[in-house]
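Here's the structure, in structure tokens; my notes come after.
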Amino acid sequence: MTSPLPFFSELTDPRVDRTKAHMLEDILFIAIASVICGAESWNDMENFGKAKEGWLRTFLRLPEGIPSHDTFNRVFSALNPEELESSFLSWTRSVAELTDNEVVSIDGKSMRGTREHGSKSIVHMVSAWASANHIVLGQLKVDEKSNEITAIPKLLDLLVVKGCIVTIDAMGCQKDIVSAIVEKEANYLIAVKGNQGSLQEQVKDSFRFLPAVSVSEDTDCGHGRVETRRCSVISDLSLIEHREEWKNLRSLIKIETERYDKCRQATLKETRLYISSLEADADLINRSVRSHWGVENSLHWVLDVAFNEDHSRKRAGNAAQNFSLINRIALNLLKNEKSAKVGVRGKRLKAGWDNDYLLKILTD
């Protein structure tokens, strides 16, 4: 994977000249390298830099030594998050070779540790996850007085998803979002619940009275459970009112899941409904729905467990948003380093111990 560092060379330095004791590119390099190795705070970044100073001086200038934790805090609190995100997007476009029908999952995540005492305000990020590439394509902060419904079209506008299948949960079941996906020359596969007027009941009625034209079923065994997923697809839209307002709507989907837990000897059944611009191909749709959960399992869960993101207390300025992006840069690099046959946690440990391996992650 191409190093992200050259893509950040045009960032505007928010500091006044008299306070620029440390070079911005040195600060960014140490920040990304330290997070790859397990840093979760500004103090961690400073301690990493001091522990690795001899090695860092072989390719960084470090005119005033290692930046302090206060310097890391001030710089990342002041950096323009839109510029940082734009640089990040330029990098992901250069490394992500999206293929036709690749699933791009869009979902939001709240950073619970960013809530101030006595305040309801919390930083909420919406991310786009490419399932086959295993990378974050982009992210956007949800405005404090807004929600994911307004953030998703803005994020889509920044992405290149031509030929992909964009999957979103029921929050994204909005006509404007559907239109935005179609305008990007992508297909959509969106969950339907009770938030969209009578659409949910109309989809249910369609499956009561109309025949499915394509059906697919698969079974998974593992982790002490057996899960069967049955996907049924209808292409007859005659029971959907104002269907022309849902741009390129071609199919209605029902996913019936039966999960048997061997330990508890209990069976859980669930039915989920979707609308899509895809043709009635139950095999493809069943795989795509399953791939959507990669954004939870491979992104959000890893950020919470491996990166401890939910416990982050960064609140000043743009600190939370920018540190979140550094986490995602580190995750992209770690996910796409293939020589070490271990998980993200193992790779972070190895990078902290082995300078050559860390440099490989950063520059290959």
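Taking the condition over 30 Å from Glu217 (Cα atoms), among the hydrophobic types (A, V, I, L, M, F, W, C), open to solvent by 60 Å² or more (accessible area, probe 1.4 Å) and in a helix (DSSP H, G or I), does Leu349 pass?
Values: over 30 Å from Glu217 (Cα atoms): yes; among the hydrophobic types (A, V, I, L, M, F, W, C): yes; open to solvent by 60 Å² or more (accessible area, probe 1.4 Å): yes; in a helix (DSSP H, G or I): yes.
In short, yes.
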When every residue in region 191-216 that is in a strand (DSSP E or B) and farther than 14 Å from Thr271 by Cβ is compared, the one most open to solvent (accessible area, probe 1.4 Å) is Val215
| query | Ile275: in a helix (DSSP H, G or I), open to solvent by less than 50 Å² (accessible area, probe 1.4 Å), of a type in the set (Val, Ile, Thr) and modelled with pLDDT of 95 or more, yes or no? | reply | no
Matching residues in region 1-20 (open to solvent by less than 50 Å² (accessible area, probe 1.4 Å) and assigned to a loop (DSSP other than H, G, I, E, B)) number 5
Every listed condition ((1) free of Cβ contacts under 8 Å to residues at least 12 places away in the same chain; (2) in contact with a Gly (Cβ under 6 Å, 6 or more places away or on another chain)) holds for Lys341 save (2)
>> Taking the conditions exactly as written (open to solvent by 10 Å² or more (accessible area, probe 1.4 Å), acidic (Asp, Glu), over 17 Å from Ser206 (Cβ atoms) and not in a strand (DSSP E or B)), does Asp236 satisfy them or not?
In response: no
From the option list Arg328, Arg290, single residue qualifying as basic (Lys, Arg), part of a helix (DSSP H, G or I) and either free of Cβ contacts under 8 Å to residues at least 40 places away in the same chain or under 27 Å from Pro81 (Cα atoms) (or both) is Arg328
Q | Test: Glu25 is without any contact (Cβ under 8 Å) to a residue 40 or more places away in the chain, open to solvent by less than 70 Å² (accessible area, probe 1.4 Å) and outside any loop (DSSP other than H, G, I, E, B) | A | no
Within region 76-99, the residues that are of a type in the set (Ser, Thr, Tyr) and in a helix (DSSP H, G or I) are Ser77, Ser86, Ser87, Ser90, Thr92, Ser94
Note on region 165-190: residues crowded, with 19+ Cβ neighbours inside 10 Å and either of a type in the set (Phe, Trp, Tyr) or in a helix (DSSP H, G or I) (or both) are Met171, Gly172, Ile177, Val178, Ala180, Ile181, Tyr188
Restricted to region 297-312 and to residues being in contact (Cβ under 8 Å) with a residue 60 or more places away in the chain and open to solvent by less than 30 Å² (accessible area, probe 1.4 Å), the residue nearest to Ala132 (Cα to Cα) is Ser298
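Do we have Ser34 as among the hydroxyl-bearing types (Ser, Thr, Tyr) and under 21 Å from Glu82 (Cα atoms) here?
When the stated conditions are applied, Ser34 does not pass them.
Can you pull out the residues in region 136-168 that are acidic (Asp, Glu) and in contact with a helix residue (DSSP H, G or I) (Cβ under 8 Å, 6 or more places away or on another chain)?
First pass over region 136-168, keeping only residues acidic (Asp, Glu): 143-144, 148, 157.
Scanning region 136-168 gives Asp143, Glu148, Asp157.
Could you please find all residues in region 28-57 being part of a loop (DSSP other than H, G, I, E, B), without any contact (Cβ under 8 Å) to a residue 12 or more places away in the chain and surrounded by fewer than 21 Cβ atoms within 10 Å (Cβ to Cβ)?
Step one: list which residues in region 28-57 are part of a loop (DSSP other than H, G, I, E, B), which gives 37-41, 52, 57.
With without any contact (Cβ under 8 Å) to a residue 12 or more places away in the chain added as a condition, the list becomes 39, 57.
Of everything in region 28-57, just one residue is part of a loop (DSSP other than H, G, I, E, B), without any contact (Cβ under 8 Å) to a residue 12 or more places away in the chain and surrounded by fewer than 21 Cβ atoms within 10 Å (Cβ to Cβ), namely Arg57.
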Given the conditions (1) within 23 Å of Gly352 (Cβ to Cβ); (2) touching a Leu at 6+ places or on another chain (Cβ under 9 Å); (3) not acidic (Asp, Glu), every one holds for Met23 apart from (1)
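The values are calculated or read from the model by the stated rules, or taken from the named source; none is laboratory data. Everything numeric in this text was worked out from a predicted model, so none of it was measured. For neighbour counting, all protein chains shown are included, and Cβ atoms are generated from backbone atoms with ideal geometry for every residue, glycine included. Ligands, DNA and RNA are excluded from the accessible area calculation, which covers all protein heavy atoms including side chains. Shrake-Rupley method; radii C 1.70, N 1.55, O 1.52, S 1.80 Å.
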